[in-house]
Each structure stands twice: as structure tokens, then as C-alpha cells.
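Asks: Starting off with a structure, shown below.
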Amino acid sequence: GRGRQGRIWDSPARAGLWFSLVLRPDLPPATWTRFTTWAAVAVAEALQPRLAQPVQIRWPNDLLVDGQKLCGILLEACEFLIVGIGLNINQTTFPDNLRTPATSLRLATGHPLDRLEIAADLLRALDKNYATARENFPNLTERAWARSSLRDREVEIRGAPHPLIGVAEGLDETGALLIRDPRTGQLHPIHHGEVRPASERLPVPASPRLRAFPPTAALGLRETPPCAGNHPPCASSP
């Protein structure tokens, strides 16, 4: 599968769930970025009953267990919205060259799980929260922040218009990450970029692929040309 910024998502057959949802929200396209938060909250809450450890959300589109990546979410927009979800379920090993350590539900729980049961749980949770995403998005941002792995931590942002180190203090009404600059006290809304705790040094990109995205591509939303019929690039998984 494909992740953000063209990265590869390791997706061995029958080991996890790698799927895309096609949505046609009756909302202005500029607001479609909220569906990253919608998917993250719904999936995290659907998985939590199976896990003793908290399922955390690393803004904007990763789910973590014990600091390791369990699930990724990718949005793409053309004439409609595609939400790609990749969830590690029964893997026991991962490639050595991953940028972020990964885990699976099997590794986190100690036993294999039924992928179809989990798929049904995820779809129910996504459906249950869809109206909330459309009509009461602040409710989702509150729930997302309660699970945030960055909450009240000093973080480093790259890929935004200007690199920034500050304290993560919340999410605004659009789902942007609010960062307090300790030098000026100013609160900055961050709509896109690579975010990690400042204690984890981010690698310097070897190419100019890590760049500022246009505003409509914030929060994991990728723009693609208008789609006609079955357009393979739009059906990607994270």
C-alpha cells in the first residue's frame, strides 16, 4: 500500500486490514480534512476493548500502542473523498527499515485475531461517528485530544512553512494541532507537517519530497486530479 508522501506501507496478504472508503460528504471540500480525525477516533475506540494498553493518536493520522505504529490513515481528494486505512492485525515481524517502530494487534495482545470481526467493528464505529463528523466535529476533536500521544509534550514540526519546536496544547475547531512557541508565547495552528516529540530527532530528508502542502491538503488530505470511473491511484491504502 501507499502511505503519506509516497511512502510504502508494508501490507502482507491476510495479515491485516488494508481498505479504502469512498465518501461524498455534503460539506465544503475545504472541511474534508476533518475525516482524518473521524477515522482515527472511530478506529481507536473500536480497537480499545481488545487491548489493555491505551490506543493513542499521533496527530494527524497514526494510531500507536506503546509508542509503536498500529494503524495509519490516508485521505485523498478528487471529485469525492477516499479514506484509506491500514491496520496491522496478525503480523509477528516487520521490515527493519521502518521509520517508526511498528506493532500489530497480535503482538499487543499475545494471540491471533479474526480479521473479519475486526473489520465489522471498524465499519460500525465509522458509521456511528459519521454524523458527528459532519454536525458536531468539536466532539471528535475532544476525543482525539484525549487520546493524543503528543498532549502537553514538547514537539518538533518539520514540513510546515517554518520548522517549529513548541508545546502541543490541543486541537482547534478544524482539527489543526495547536503549538505554543515557548520563546514568544504565541499559539500556532499547524495544519500539516511531520510531528514528533522533540526528544526524538527527525531525520533530515534526503530529497525535497517533504514540503509544505497547500491548505486543502492539510491533516493528511492529498489532492489528486479529478477522477473518472475506476482510478487506481485513488484507491490506495496508507
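The values are calculated or read from the model by the stated rules, or taken from the named source; none is laboratory data. Just so you know, these numbers come straight off a predicted model, no measurement behind them. Please note: Cβ atoms are built from the backbone with ideal geometry, for glycine as well, and neighbour counts cover all protein chains shown.
Asks: Quick test for you: out of ALA144, ALA125, ALA133, ALA119, pick the one residue that is within 30 Å of ASN90 (Cβ to Cβ), out of contact with any helix residue (DSSP H, G or I) (no Cβ under 9 Å at 6 or more places or on another chain), touching a residue at least 40 places away in the same chain (Cβ under 8 Å) and surrounded by 14 or more Cβ atoms within 10 Å (Cβ to Cβ). Walk me through how you get there before you give the answer.
Replies: Details: ALA144 fails: out of contact with any helix residue (DSSP H, G or I) (no Cβ under 9 Å at 6 or more places or on another chain); ALA125 fails: out of contact with any helix residue (DSSP H, G or I) (no Cβ under 9 Å at 6 or more places or on another chain); ALA133 fails: out of contact with any helix residue (DSSP H, G or I) (no Cβ under 9 Å at 6 or more places or on another chain).
Unique residue meeting the criteria: ALA119.
Asks: Could you tell me which numbered condition VAL55 fails, if it satisfies all but one of (1) modelled with pLDDT under 95; (2) crowded, with 20+ Cβ neighbours inside 10 Å?
Replies: (1)
Asks: How many residues does segment 14-29 contain that are among the β-branched types (Val, Ile, Thr) and buried (at least 18 other Cβ atoms within 10 Å of the Cβ)?
Replies: 0
Yes/no per residue for (1) under 16 Å from ALA102 (Cβ atoms); (2) part of a strand (DSSP E or B); (3) aromatic (Phe, Trp, Tyr):
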residue: ARG14; (1), (2), (3): no, no, no
residue: VAL22; (1), (2), (3): no, yes, no
residue: PRO25; (1), (2), (3): no, no, no
residue: ALA39; (1), (2), (3): no, no, no
residue: ALA44; (1), (2), (3): no, no, no
residue: ALA52; (1), (2), (3): no, no, no
residue: LEU64; (1), (2), (3): yes, yes, no
residue: CYS71; (1), (2), (3): yes, yes, no
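Asks: Quick check on my filter: what residues within segment 99-111 are surrounded by 14 or more Cβ atoms within 10 Å (Cβ to Cβ) and touching a residue at least 40 places away in the same chain (Cβ under 8 Å)?
Replies: Passing the criteria: ALA102, SER104, LEU105, ALA108, THR109.
Asks: In addition: Being among the acidic types (Asp, Glu), under 21 Å from LEU23 (Cα atoms) and within 19 Å of the chain's Cα centre (by Cα) is the filter here, so list the residues in segment 109-144 that pass it.
Replies: ASP121, ASP127 - these are the residues of segment 109-144 that are among the acidic types (Asp, Glu), under 21 Å from LEU23 (Cα atoms) and within 19 Å of the chain's Cα centre (by Cα).
Asks: Now a separate question. Would you mention how many residues in segment 167-182 are assigned to a loop (DSSP other than H, G, I, E, B) and under 16 Å from the mean Cα position of the chain (by Cα)? Don't jump to the end; show me each part of the working.
Replies: At the first step, the residues of segment 167-182 found to be assigned to a loop (DSSP other than H, G, I, E, B) are 172-176, 181-182.
From what's left, under 16 Å from the mean Cα position of the chain (by Cα): 174-176.
So the count comes out to 3.
Asks: So which residues in segment 58-77 are surrounded by 15 or more Cβ atoms within 10 Å (Cβ to Cβ), acidic (Asp, Glu) and touching a residue at least 40 places away in the same chain (Cβ under 8 Å)?
Replies: Matches in segment 58-77: GLU76 only.
Asks: Hey, another quick one. Can you confirm whether segment 36-45 contains a residue that is surrounded by fewer than 20 Cβ atoms within 10 Å (Cβ to Cβ), out of contact with any Leu (no Cβ under 6 Å at 6 or more places or on another chain) and at pLDDT 95 or above?
Replies: Checking segment 36-45: at least one residue is surrounded by fewer than 20 Cβ atoms within 10 Å (Cβ to Cβ), out of contact with any Leu (no Cβ under 6 Å at 6 or more places or on another chain) and at pLDDT 95 or above.
Asks: Something else about it: So for segment 28-51 (the condition being within 21 Å of VAL155 (Cβ to Cβ), touching a residue at least 60 places away in the same chain (Cβ under 8 Å), in contact with a Lys or Arg (Cβ under 7 Å, 6 or more places away or on another chain) and of a type in the set (Val, Ile, Thr)), does at least one residue qualify?
Replies: Among the residues of segment 28-51, at least one is within 21 Å of VAL155 (Cβ to Cβ), touching a residue at least 60 places away in the same chain (Cβ under 8 Å), in contact with a Lys or Arg (Cβ under 7 Å, 6 or more places away or on another chain) and of a type in the set (Val, Ile, Thr), which makes the answer yes.
Asks: Determine which member of the set GLY175, GLY159 is small (Gly, Ala, Ser), surrounded by 13 or more Cβ atoms within 10 Å (Cβ to Cβ) and in contact with a strand residue (DSSP E or B) (Cβ under 8 Å, 6 or more places away or on another chain).
Replies: Criteria check complete, one pass: GLY159.
Asks: If you don't mind, another one. So which residues in segment 136-194 are touching a Phe, Trp or Tyr at 6+ places or on another chain (Cβ under 9 Å) and among the hydroxyl-bearing types (Ser, Thr, Tyr)?
Replies: Of everything in segment 136-194, those that are touching a Phe, Trp or Tyr at 6+ places or on another chain (Cβ under 9 Å) and among the hydroxyl-bearing types (Ser, Thr, Tyr) turn out to be SER148, SER149, THR174.
Asks: Still on this structure: Identify the single condition in (1) touching a Lys or Arg at 6+ places or on another chain (Cβ under 7 Å); (2) modelled with pLDDT of 95 or more that GLN5 does not satisfy, given that it satisfies every other one.
Replies: (2)
Asks: Any chance you could count how many residues in segment 71-99 are touching a strand residue (DSSP E or B) at 6+ places or on another chain (Cβ under 8 Å), among the β-branched types (Val, Ile, Thr) and farther than 30 Å from ALA30 by Cβ?
Replies: 1
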